[in-house]
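Here is the structure we will look at.
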Amino acid sequence: MQTLDFRRDILPLKDKLFRLALRITFDRAEAEDIVQETMIRVWSKRDEWPAFSSIEAYCLTIARNLAIDRSERMDARTVELTAEAEQAPDTSGPHERLVDKERMQLLHRLIATLPEKQRTVLQLRDVEEKSYKEIAEVMGITEDQVKVTLFRARQKVKQQFMNIENYGL
């Protein structure tokens, strides 16, 4: 087994931890604080690192739990996330870019209305590209529960999106 190094193995996870915390708390400052607290907690457990099957799953679990705790304390304020990484193809015209931007904003709003568990599973699977097994470890649920939760989240977002797109509500 390879020896874990904080700079090489854990510090690069900060962006994933931030995205996960942001998806749960909807607050950039809170997400940054959660990442910092996660790094402190992981560092304080450095003697136990060899016992972990996945240090990444351990870090994500800590960040998730901290984010949920902080969200509950803030009464789960919902603020729309901004998509910093969105980029329209250069060949599209202004109208297509506007439509794409509005659709992305709609998707972010629909995802924000999902229950926390569904939002987190959706984030970990579709954004972070984690396996069902890794998500199950982070969430503390079975792989089957991950699949069901992900399916329900996707279906709910798809149905609401289609309703709005088709009826203009």
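The values are calculated or read from the model by the stated rules, or taken from the named source; none is laboratory data. All values derive from a computational prediction rather than experimental measurement. We place every Cβ from the backbone using ideal geometry, glycine too, and count neighbours over all the protein chains shown. Remember, those area values only see protein heavy atoms, side chains included, never the ligands or the DNA or RNA. Shrake-Rupley method; radii C 1.70, N 1.55, O 1.52, S 1.80 Å.
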>> Tell me the Rg and the Dmax, in Å, that the Cα atoms of the chain produce.
In response: 17.7, 57
>> Can you compute the FRET efficiency between residue 163 and residue 61 using 1/(1 + (r/R0)^6), with r the Cβ-Cβ distance and R0 = 35 Å? Round to the nearest 0.05.
In response: 0.50
> Taking the Cα-to-Cβ direction at residue 116 and at residue 131 and moving 7 Å from each Cα, how far apart do the two end points lie in nm?
Replying inline: 2.8 nm
> GNM, the chain, Cα, under 10 Å: largest mean-square fluctuation among 29, 63, 153?
Replying inline: 29
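Step through the table entries 14/158; 101/147; 16/133, compare each Cα-Cα distance with 26 Å, and write down the pairs that go over it.
Working: 14/158 30 Å; 101/147 29 Å; 16/133 17 Å.
Cα-Cα > 26 Å for 14/158; 101/147; rest within.
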> Can you pull the accessible area of residue 54 for me, 1.4 Å probe, Å² to the nearest 10?
Replying inline: 30 Å²
>> Could you report the accessible area of residue 99 in Å², rounded to 10, computed with a 1.4 Å probe on the protein chains as they sit in the structure?
In response: 40 Å²
> Taking the Cα atoms only, what angle lies between the long axis of helix 55-73 and the longest principal axis of the chain, rounded to 10 degrees?
Replying inline: 60 degrees
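Ranked from the most accessible area to the least, with a 1.4 Å probe and all protein chains present, what is the order of 47, 126? Provide the component values of the computation, followed by the final result.
Details: 47 140, 126 75 Å².
Ranking 47, 126 by accessible area, largest first, yields 47, 126.
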> Using a Gaussian network for the chain with springs between C-alpha atoms less than 10 Å apart, which of these wobbles most: 128, 137, 102?
Replying inline: 102
